[in-house]
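Structure, as structure tokens:
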Amino acid sequence: MSQQYTPPKVWQWDAENGGQFAAINRPVAGATHNKTLPVGKQPLQLYSLATPNGVKVNIMLEELLAAGHKNAEYDAWLISIKDGDQFGSGFVELNPNSKIPALLDTTNGVRVFESGSILLYLAEKFSAFLPKDQAKRTEVMNWLFWQMGSAPFVGGGFGHFYAYAPEKFEYPINRYAMETKRQLDVLDKQLAGHEFVAGDEYSIADMAIWPWYGGLVLGRLYDAAEFLDVTAYTHVLRWAKQMDERPAVKRGYVINRNWGDGPQLPERHSSTDLLTLQL
């Protein structure tokens, strides 16, 4: 048992506390430096990084292009969160919350931030991957919002304390491992009766959920697949592998990636940029 921590009466920020992210974590919002965002020639300008939240939008854009939506062409610019690019003045103008991804639609000047909002915006703009039937649409939205509300327990909860915290403590790891496994069980039970998350149609719900939960069971997040005993979630594994074989998913996974093993494409400005990669 570690030494008991007694919270102070008034919390004070310790800039040295926070592990490998201490240099960029802070309790206030806003820009830390002036930096204009680049703008390319494509209709859509994406500023992102290939974390699970970034991969969601990459997949959506690649699926739109694969489905023949030529106006979904985009420039994908790298935002290095470890270097604090998300606190540049240009990025903060797009997303006051300083989180990736952020999107600028140059056809109408609309800014879009938060990955779920971007998926919904693109689905409505191109009338794709979101059913028109009200009941089916609502089911997609149920699972989209499930992901948005649930994944912070996986990332900021389990992932942080299991993989990134400067010290390992039993209580938070057990607490968030339990919640992560509960969420996997929720998803597994849903996929037991459906090909895709929200039913029989591939949708933005799958694109939102796969980078997090598919990544977990495929062993790509936090090196935690064995720890979480993901083999128990047979339906999630089936779906995750099925998603992983989609060409647009393969492309979306490597765009704005500048670390790790395998193919990387830190920036993307045309579909031809992907031709030299072995996907």
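A few points about this structure:
- Cα-centred dipole magnitude for the range 134-244, charges only on beta-carbon of K, R (+1) and D, E (-1), debye, nearest 20: 140 debye
- DSSP-loop chymotrypsin sites (Phe, Trp or Tyr not before Pro) across the range 201-232, with at most 15 other Cβ within 10 angstrom: F227
- Residue exposure proxy: I81, I59, ordered by other Cβ atoms within 10 angstrom of their Cβ from fewest to most, comes out as I81, I59.
- Sparse-neighbourhood loop sites, GluC sites (Glu not before Pro) in the range 21-104 - DSSP loop, at most 16 other Cβ within 10 angstrom: none
- Loop-located GluC sites (Glu not before Pro) across the range 224-279 with a Cβ neighbour count of 13 or fewer within 10 Å are E226, E245, with loop assigned by DSSP.
- Translational diffusion of the range 74-154, µm² s⁻¹ [Kirkwood Rh, Cα pairs; Stokes-Einstein; 20 °C; 1.002 mPa s]: 150 µm²/s
- Ranked for footprinting exposure by Cβ neighbours inside 10 Å, fewest first, K132, K35 give K132, K35.
- When each of T231, T106 is scored by the number of other beta-carbon atoms lying within 10 Å, the sequence from fewest to most is T231, T106.
- Long-range Cα-Cα pairs in the chain (distance over 26 Å), rounded percent: 45 percent
- A simple charge model with +1 on the Cβ of Lys and Arg, -1 on the Cβ of Asp and Glu and nothing else charged puts the dipole of the chain at about 320 debye relative to its Cα centre.
- Cα-based reach from K35 at 26 Å (exclusive), listing lysines while leaving out same-chain residues under 8 positions away: K56, K82, K99
Throughout, read-outs are computed from the coordinates displayed, never taken from laboratory work. Bear in mind the structure is a predicted one, so any value in this text is a computation, not a measurement. In this analysis, Cβ positions are derived from the backbone assuming ideal geometry, glycine residues included, and neighbour counts consider all displayed protein chains.
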